[in-house]
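A short write-up of the structure that comes next.
The values are calculated or read from the model by the stated rules, or taken from the named source; none is laboratory data. None of the values given here were measured: they were computed from a predicted structure. No Cβ is skipped: glycine too gets one built from the backbone with ideal geometry, and neighbour counts run over all protein chains shown. Side chains included, ligands, DNA and RNA excluded: accessible areas come from the protein's heavy atoms. Shrake-Rupley method; radii C 1.70, N 1.55, O 1.52, S 1.80 Å.
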Amino acid sequence: MKVNNEHQSVGLLAFYFISCFVLTVSGMIFKTVFVVYNYQQFSDLGFTDIVHALTWGVRFDLASAALLSL
């Protein structure tokens, strides 16, 4: 029986991107929960500063998620 390798590689690539996306989103959720839980430590920052700091870390989240997805 012949196995189609093209469909298998597309499935692996889709799994990689889905796992990378899920890990990135979960990292952002955990960071947001951390900021909300420890808001007293970040009370001197404005809302836009906190959002800017969280979005600035997306590149690090993507890099670590890509490494863990492999």
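Data table
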| item | result |
| --- | --- |
| Near pairs, Cβ below 6 angstrom, 6+ apart or cross-chain, from the range 52-69 (in contact (Cβ under 8 Å) with a residue 24 or more places away in the chain) to any residue that is of a type in the set (S, T, Y) and open to solvent by less than 50 Å² (accessible area, probe 1.4 Å) | D61/T24; L62/T24; A65/T24; S69/S19 |
| Residue tally, condition assigned to a helix (DSSP H, G or I), at pLDDT below 90 and open to solvent by less than 100 Å² (accessible area, probe 1.4 Å), over the range 1-30 | 5 |
